[in-house]
1. In the stretch 31-74, what residues are in a loop (DSSP other than H, G, I, E, B) and either modelled with pLDDT of 90 or more or of a type outside the set (Phe, Trp, Tyr) (or both)?
2. In the stretch 54-69, how many are in contact with a Ser or Thr (Cβ under 6 Å, 6 or more places away or on another chain) and of a type in the set (Asp, Glu)?
3. Is the stretch 44-59 home to any residue that is farther than 17 Å from residue 26 by Cα, loosely packed, with under 13 Cβ neighbours inside 10 Å and among the aromatic types (Phe, Trp, Tyr)?
4. Assess whether residue 98 counts as being out of contact with any helix residue (DSSP H, G or I) (no Cβ under 8 Å at 6 or more places or on another chain), part of a strand (DSSP E or B) and either farther than 14 Å from residue 27 by Cα or at pLDDT 95 or above (or both).
5. Of the residues 54, 50, which is under 18 Å from the mean Cα position of the chain (by Cα) and among the small types (Gly, Ala, Ser)?
6. Has the stretch 78-86 got at least one residue that is in contact with a Phe, Trp or Tyr (Cβ under 8 Å, 6 or more places away or on another chain), part of a strand (DSSP E or B) and surrounded by 14 or more Cβ atoms within 10 Å (Cβ to Cβ)?
7. How many of the residues making up the stretch 75-112 are basic (Lys, Arg) and either on the phi > 0 side of the Ramachandran plot or in contact (Cβ under 8 Å) with a residue 24 or more places away in the chain (or both)?
Amino acid sequence: MKPFFVGVFCLAAVISGYRIPANAAVIASCGPMEGYSYFYRNELAGSAPGWQQGSLETTTIFLGPDKVEEVILKSKLSGEDWTRSASDYGAPVIEVTRQGSIRHILIPWGPVTELYALDTEKKTLSLVSQKSGSVMVTHAFVGTCE
């Protein structure tokens, strides 16, 4: 039954405009991912630094013929559905290392750097993200995968 839902997700992603390569297959569908975000002092909003609990609904990683091709994140932001992919920003998806069942994936785009650690054997994914600019934040999330 889960492959059916992954297929439906892939179809929805293609219809909604995400550029998933023709030969790509889902290597991991992970989530929900739980963790924390550290927001640095924001002078414009007058906010003090601090930790907030956070989550992502799903993270889907697509493998092309010889490398990871796309990463799509889905969650809720201010009560609204939110979806983003690396290709939304024209960001490269760089498979930094691959050793056995473990892959480290780097996505640098604009003011954001994301580092994913995927273990397909243990079915786990961790994400560390750093964003600079007007809102500086560091995220750390961990979740299980199918």
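1. At the first step, the residues of the stretch 31-74 found to be in a loop (DSSP other than H, G, I, E, B) are 40-41, 43-46, 48-49, 57, 64-67.
The answer is 41, 43, 44, 45, 46, 48, 49, 57, 64, 65, 66, 67.
2. The first filter runs over the stretch 54-69 and keeps only residues in contact with a Ser or Thr (Cβ under 6 Å, 6 or more places away or on another chain), leaving 54, 56-57, 60.
Then drop every residue that is not of a type in the set (Asp, Glu), which leaves 57.
Counting residues in the stretch 54-69 that are in contact with a Ser or Thr (Cβ under 6 Å, 6 or more places away or on another chain) and of a type in the set (Asp, Glu) gives 1.
3. Residues of the stretch 44-59 that are farther than 17 Å from residue 26 by Cα, as a first pass: 44-56.
Checking which are loosely packed, with under 13 Cβ neighbours inside 10 Å leaves us with 44-53.
Now drop any that are not among the aromatic types (Phe, Trp, Tyr), which leaves 51.
Yes: one or more hits.
4. Details: out of contact with any helix residue (DSSP H, G or I) (no Cβ under 8 Å at 6 or more places or on another chain): yes; part of a strand (DSSP E or B): yes; either farther than 14 Å from residue 27 by Cα or at pLDDT 95 or above (or both): no.
No; evaluated as a whole, the condition is false for this residue.
5. Numbers: 50 fails: under 18 Å from the mean Cα position of the chain (by Cα).
Of the residues listed, the single one that is under 18 Å from the mean Cα position of the chain (by Cα) and among the small types (Gly, Ala, Ser) is 54.
6. In the first step, residues of the stretch 78-86 are kept if they are in contact with a Phe, Trp or Tyr (Cβ under 8 Å, 6 or more places away or on another chain); the result is 85-86.
Now drop any that are not part of a strand (DSSP E or B), which leaves 85.
Of the ones still in play, those that are also surrounded by 14 or more Cβ atoms within 10 Å (Cβ to Cβ) are 85.
Checked the stretch 78-86: at least one residue is in contact with a Phe, Trp or Tyr (Cβ under 8 Å, 6 or more places away or on another chain), part of a strand (DSSP E or B) and surrounded by 14 or more Cβ atoms within 10 Å (Cβ to Cβ).
7. As a first pass, look at the stretch 75-112 and keep what is basic (Lys, Arg): 76, 84, 98, 103.
Of the ones still in play, those that are also either on the phi > 0 side of the Ramachandran plot or in contact (Cβ under 8 Å) with a residue 24 or more places away in the chain (or both) are 103.
Total satisfying the criteria: 1.
Residues are listed down the side, and each one gets a yes or a no for (1) in a loop (DSSP other than H, G, I, E, B); (2) touching a Ser or Thr at 6+ places or on another chain (Cβ under 9 Å); (3) basic (Lys, Arg); (4) buried (at least 18 other Cβ atoms within 10 Å of the Cβ):
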site: 88; (1), (2), (3), (4): no, no, no, no
site: 108; (1), (2), (3), (4): no, no, no, no
site: 113; (1), (2), (3), (4): no, yes, no, no
site: 122; (1), (2), (3), (4): yes, yes, yes, no
site: 126; (1), (2), (3), (4): no, no, no, no
site: 143; (1), (2), (3), (4): no, yes, no, yes
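The values are calculated or read from the model by the stated rules, or taken from the named source; none is laboratory data. Note that the coordinates shown come from a computational prediction; the quantities given were computed from them, not determined experimentally. No Cβ is skipped: glycine too gets one built from the backbone with ideal geometry, and neighbour counts run over all protein chains shown.
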